[in-house]
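Take a look at the structure set out below.
The values are calculated or read from the model by the stated rules, or taken from the named source; none is laboratory data. Source: prediction; values computed, not measured. Positions of Cβ are backbone-derived with ideal geometry, glycine not excepted, and every protein chain shown enters the neighbour counts.
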């Protein structure tokens, strides 16, 4: 009998699933935050959307949760430059958008810690 999944892991699965789907349904906002120096922005957004959906699936399955936690932490670290780019380019946006862009940056740390905890087997209560 498998142990129940921690709420933080469920939240990360939901975050990756929702965001991964949005990469395909509404790619525009994601394309706009890809650092200017990177080519093939649309393809990068599609790849990151697939990566988020794969991470969600890996985290959801008990047998692959360790790999899913490590992959999720890596993905969160990997997309950090796009979040920095978004914050740096938010200067003329409405105040709420600027605030969200900057607040997202330190929030990556607890998300990475949740992913790592799930990957160490801490994603299951018991």
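Table for the structure above
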{"read-out": "Qualifying residues in the range 33-56 (those that are over 21 Å from residue 73 (Cα atoms) and without any contact (Cβ under 8 Å) to a residue 12 or more places away in the chain) - the one surrounded by the most Cβ atoms within 10 Å (Cβ to Cβ)", "value": "41"}
{"read-out": "Qualifying position, being out of contact with any helix residue (DSSP H, G or I) (no Cβ under 7 Å at 6 or more places or on another chain), surrounded by 15 or more Cβ atoms within 10 Å (Cβ to Cβ), farther than 24 Å from residue 34 by Cβ and at pLDDT below 95, among 126, 122", "value": "122"}
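Quick grid of which residues meet (1) assigned to a helix (DSSP H, G or I); (2) at pLDDT 95 or above; (3) over 14 Å from residue 119 (Cβ atoms); (4) out of contact with any strand residue (DSSP E or B) (no Cβ under 9 Å at 6 or more places or on another chain):
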residue: 13; (1), (2), (3), (4): yes, yes, no, no
residue: 24; (1), (2), (3), (4): yes, yes, yes, yes
residue: 30; (1), (2), (3), (4): yes, no, yes, yes
residue: 49; (1), (2), (3), (4): yes, yes, yes, yes
residue: 52; (1), (2), (3), (4): yes, yes, yes, yes
residue: 73; (1), (2), (3), (4): yes, yes, no, yes
residue: 81; (1), (2), (3), (4): yes, no, yes, yes
residue: 97; (1), (2), (3), (4): yes, no, yes, yes
